[in-house]
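**Q** Below you'll find the structure I mean.
Since every read-out is calculated from the coordinates, none of them should be taken as a lab result. Note that the structure is predicted; figures quoted are calculated from it, not measured. When we count neighbours, we look across all protein chains shown, and the Cβ atoms used for this are built from the backbone with ideal geometry, even at glycine.
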Amino acid sequence: LVSKVLKPGDRKDHFEAEKDVWRIATQITRERKKRELEPMVKLLSELERTEGASNDAKAFRKVTGDLKDLTSRIDAVLERTTRSDVQWFLKAASTLLR
């Protein structure tokens, strides 16, 4: 979001912030996806492999499988959104809001 800028002849540190809101949102989304969503999908994949024949174990596998499916879908939407431009996003959002 903020980058260091070198100014010739000046020894102080200067910083410049990104001004494009779409780029800011995309960068934040990528970082949060990497730090939060991807580890959760990995953990749910591991939990989905829990063994056991009891009803509780079956229910647990179903819930973790459903959560994994949901997070995978969210991941796909975020991936497509961050690769797209503003116009695609606005068109998709307006379609959803109708």
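**Q** Using Cα positions and a limit of under 24 Å, work out the lysines in reach of Lys58, with same-chain residues fewer than 8 apart set aside.
**A** Lys42, Lys68
**Q** Place a +1 charge on the Cβ of each Lys and Arg in the chain and a -1 charge on the Cβ of each Asp and Glu, then give the dipole magnitude about the Cα centre in debye, rounded to the nearest 20. Don't jump to the answer; show the numbers that get you there.
**A** Working: 22 positive and 17 negative charges, 51 e Å.
Dipole about the Cα centre, nearest 20: 240 debye.
**Q** Still on this structure, I have one more. Please give the FRET efficiency for Ala17 paired with Leu96, using the beta carbon to beta carbon distance and R0 = 25 Å, rounded to the nearest 0.05.
**A** 0.25
**Q** Taking the 0 to 90 degree range and rounding to the nearest ten, how far is the long axis of helix 55-83 tilted relative to the main principal axis of the chain, both from C-alpha atoms?
**A** Approximately 30 degrees, to the nearest ten.
**Q** Take each of the peptides 51-61, 6-16, average the number of other beta-carbon atoms within 10 Å over its residues, and list them starting from the highest. The partial results should precede the final answer.
**A** Working: 51-61: 10.1, 6-16: 7.4.
Highest-to-lowest ranking by the protection proxy: 51-61, 6-16.
**Q** Now a separate question. For the chain, state the semi-axes of the equivalent ellipsoid (square roots of 5 times the eigenvalues of the alpha-carbon gyration tensor), sorted largest first and rounded to whole angstrom.
**A** 40, 21, 7
**Q** Oh, and also: Rounding to the nearest 10 and keeping the result within 0 to 90°, find how far the Cα-based axis of helix 38-48 lies from the longest principal axis of the chain.
**A** 10
**Q** Roughly speaking, what is the stretch gain from Thr82 to Leu67, that is 0.36 nm per residue apart minus the C-alpha to C-alpha distance, in nm to one decimal?
**A** Result: 3.2 nm gained on full extension.
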